[in-house]
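Read through the structure below, which is laid out as structure tokens, and then see the notes.
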Amino acid sequence: MTAASPAADGDEQEPAAPPGRRFEPDLRSMTRINLRPIASPMPLGFFTIAIASVMTGCLQLGIFGEEARTAVAFTVLPAFVLQLLVSFLAFGARDVIAATLMAVFAGSWLPYSLIMLSGAADGLKVLGVFNLALLCFGALMTAVTGPKRALWLVLAVSLPRWAATGLAGVTGAEWLTRTSGVLGFVVALVAMYTAFALMLEDMRSEQVLPLGRSGPAHLAVEGDLAVQLRNLERQAGVRRTL
């Protein structure tokens with residue numbers, strides 16, 4: 001039996017695999033991460049908040065009579081579909097804050113519409129408790145939306161409205177209902193401004209109206225592509241687990 005000849009000079013030898021383990025090559029050089037640019041869905045989301053807030057505010061202020069409850073519910077119901085779409089697209093754009101907020105707003109319009117349409121017993125009281133739960137959610141969200149100042153402002157003006165609507169439903173106080181209606185118009189104005197500013201920014205590829213971004217939110221718009229791709233391997237959808 002002849003002895004095996006040593007490897008010739010220049011021949012590469014694969015590193016020996018550890019005992020009991022199968023050797024796998026480094027896959028980083030073979031990995032490609034594809035990004036799909038999309039149009040920003042946020043103007044649609046904020047315009048939807050504005051329109052739905054105006055309709056519900058008119059009902060609370062008595063501009064529409066009680067017999068208009070069904071009609072208002074039908075006009076608000078599409079807000080659920082539109083904001084759910086916005087949330088889905090925002091998740092695809094890797095913006096978990098915007099996606100979560102829009103999904104919760106979508107979830108708030110659906111029960112409102114269904115209760116108004118069905119005339120369920122104690123519906124207003126149930127909606128009152130529901131709005132108080134939204135208030136708790138919103139208070140937590142304000143702690144993480146600071147860098148997105150425009151989004152934070154829409155959320156901040158929504159908090160007192162959720163509080164007034166919730167307390168009005170639980171207590172039945174008419175003045176709280178009227179207060180909630182007025183606050184609905186404030187929410188609509190802020191949301192309308194935010195939607196318009198974001199749309200102008202996307203059309204002109206630069207900030208036209210102030211949006212108050214700071215920190216990571218500012219870098220996401222003003223930074224270069226290297227900033228956008230930083231730590232991409234650790235983001236949801238790329239890493240192995242959520």
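The values are calculated or read from the model by the stated rules, or taken from the named source; none is laboratory data. As the structure is a computational prediction, the values presented were derived from the model and not from experiment. We work out accessible area using only protein heavy atoms, side chains counted, and drop any ligands, DNA or RNA first. Shrake-Rupley method; radii C 1.70, N 1.55, O 1.52, S 1.80 Å.
Can you check what the Kirkwood hydrodynamic radius comes to for the stretch 95-211, Cα pairs only, in Å to one decimal?
Working: mean 1/r = 0.0656 Å⁻¹.
It works out to 15.3 Å.
Taking a 1.4 Å probe, which of Val86, Val157 shows the most accessible area, and what order do the others take after it? Provide the component values of the computation, followed by the final result.
On the way: Val86 0, Val157 30 Å².
Solvent-accessible surface, decreasing: Val157, Val86.
Ala39 to Thr171: extension gain in nm, 0.36 nm per residue of separation minus the Cα-Cα distance?
Details: separation 132, 0.36 × 132 = 47.52 nm, distance 4.35 nm.
Result: 43.2 nm gained on full extension.
Compute the length gained on full extension between Ile63 and Val104: take 0.36 nm times their separation in residues and subtract their Cα-Cα distance, giving the result in nm to one decimal. Don't skip to the end; give the middle numbers.
Details: separation 41, 0.36 × 41 = 14.76 nm, distance 2.71 nm.
Taking 0.36 nm per residue and subtracting the Cα distance, the gain is 12.0 nm.
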